[in-house]
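Below is one structure, written out as structure tokens; the observations come after it.
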Amino acid sequence: MKRRLIAESCWVRTVFTFAAMFVTVCGACAQTADGPRREVLFETSKGNIRIALYDETPRHRDNFIKLVKEGFYDGLLFHRVIYNFMIQTGDSASRHAAPGQMLGVSSEGYKIPAEIRYPQLFHKRGAVAAARESDNVNPGRESSSSQFYIVYGRRFNDAMLDDVQSKLDKQTGGSVKLTAEVRDAYKAVGGAPHLDGQYTVFGEVVDGLDVVKDIEWVDTDENARPKEDVKIIRAVVVE
């Protein structure tokens with residue numbers, strides 16, 4: 001009994017420490033010094049996902065809210081899903097896509113200038129970030145006007161993060177370094193560190209991360225499209 005009480009006490013201290021660290025790395029989540037962040041609710045065929053948008057990325061925030069208010073995302077599919085990584089949506093062609101049709105290549109005719117705010121904003125679990133074309137055709141790392149992904153990812157240990165850092169050094173010429181705080185978050189919370197400093201992170205999931213996980217676990221075809229459609233029923237701005 002004594003050993004059980006000691007174990008339970010250690011577990012409580014661990015959870016408290018983890019929770020305190022998570023609040024620190026997420027920047028108090030949906031709160032800024034000037035008040036609450038704008039939020040969007042996605043009702044999907046798998047459940048609801050609530051997203052807080054960062055004021056540090058105003059172009060992406062305002063464009064996202066505009067599209068939601070126009071009903072752009074209503075009826076779209078999560079067209080690209082990769083286990084232990086992320087779920088992606090925002091391709092207008094997915095609204096009436098045929099079974100097995102390859103998606104993710106359509107464009108809405110404009111891009112959003114990059115607003116990369118690393119290491120303040122990084123690819124921790126639950127991060128919402130803009131998809132984009134590769135560096136060879138998009139050296140300015142401008143974002144897609146509509147396609148975005150939600151990170152689920154995985155947890156990392158120090159050896160794994162050292163390997164990620166080595167790859168980041170090659171990809172970015174040594175300009176992106178995983179700070180001690182960022183490394184701690186990836187070890188405790190998880191995410192996708194190999195994308196840091198290269199894509200604009202503009203929000204985070206504040207409710208419904210379990211839904212993100214459920215979507216990430218669905219069966220997919222050779223193009224990473226879910227074999228059974230996962231649809232956004234509607235998206236609304238939470239006033």
Item checked: Charge dipole magnitude, Cβ of K and R +1, D and E -1 - the chain, Cα centre, debye nearest 20 -> 600 debye
Next item on the list: Please turn the phi angles of the stretch 111-124 into ³J(HN,Hα) values with the Karplus equation 6.51 cos²θ - 1.76 cosθ + 1.60 (θ = phi - 60°), one per residue in order, whole Hz, x for glycine and proline.
Entry: 10, 10, x, 4, 10, 7, 10, 7, x, 4, 10, 9, 8, 6
Next item on the list: Send over a whole-number figure in Å² for the accessible area per residue of the stretch 110-239, probe 1.4 Å.
Entry: 46 Å²
Next item on the list: Hey, can you grab everything whose amide H is under 5 Å from the amide H of Tyr152? Only 5+ residues off in sequence or another chain; H modelled, so Pro and N-termini drop out.
Entry: Phe85, Met86, Ile87, Gly126
Notebook entry, point to check: Where the accessible area of the chain is counted over protein heavy atoms with a 1.4 Å probe, how much of it, in %, is carbon and sulfur?
Noted result: 53 percent
Item checked: ³J(HN,Hα) computed for each position of the stretch 76-86 - Karplus, 6.51 cos²θ - 1.76 cosθ + 1.60, integer Hz, glycine/proline x -> 7, 9, 7, 8, 9, 9, 10, 4, 6, 9, 6
Notebook entry, point to check: Residue by residue, what Karplus-based ³J(HN,Hα) values in Hz, rounded to whole numbers, does the stretch 168-177 have, using 6.51, -1.76 and 1.60 with θ = phi - 60° and x for Gly and Pro?
Noted result: 4, 4, 6, 6, 10, x, x, 7, 10, 10
Notebook entry, point to check: Once label points are set 7 Å from the Cα along Cα→Cβ at both Leu209 and Ala97, what is their separation, rounded to one decimal in nm?
Noted result: 2.7 nm
Checklist line | Separation in nanometres of the label points that stand 7 Å from Cα toward Cβ, at His194 and Lys227 | finding: 2.5 nm
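Would you kindly work out the equivalent ellipsoid of the stretch 99-239 from its C-alpha gyration tensor and give its semi-axes, the square roots of five times the eigenvalues, largest first in whole Å? Each step should come with its number before you reach the end.
Details: eigenvalues 127, 78, 52 Å².
Computed over the stretch 99-239, the values are 25, 20, 16 Å.
Based on alpha-carbon positions alone, could you give the equivalent ellipsoid semi-axes of the chain from the gyration tensor, as √(5λ), descending, whole Å? Intermediate results must be reported in sequence, preceding the final value.
Numbers: eigenvalues 172, 92, 73 Å².
Gyration-tensor ellipsoid for the chain: 29, 22, 19 Å.
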Check: If amide H atoms are built 1.01 Å from N in the plane of the peptide, which residues on other chains or at least 5 residues away come under 5 Å of the amide H of Val189?
Finding: none
Note to self: Under the rule of at least 5 residues apart or a separate chain, name every residue whose amide H is placed under 5 Å from the amide H of Thr220.
What the structure shows: Lys227
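I need the calculated FRET efficiency for the pair Thr179 and Ser134, taking r as the beta carbon distance and R₀ as 22 Å, to the nearest 0.05.
Working: r = 26 Å, r/R0 = 1.18.
Once the sixth-power term is evaluated, E becomes 0.25.
The values are calculated or read from the model by the stated rules, or taken from the named source; none is laboratory data. Remember, it's a predicted structure, so these values are computed and weren't measured experimentally. Note: ideal-geometry Cβ built from the backbone for every residue, glycine included; neighbour counts use all protein chains shown. Accessible surface areas use protein heavy atoms only, side chains included; no ligands, DNA or RNA. Shrake-Rupley method; radii C 1.70, N 1.55, O 1.52, S 1.80 Å.
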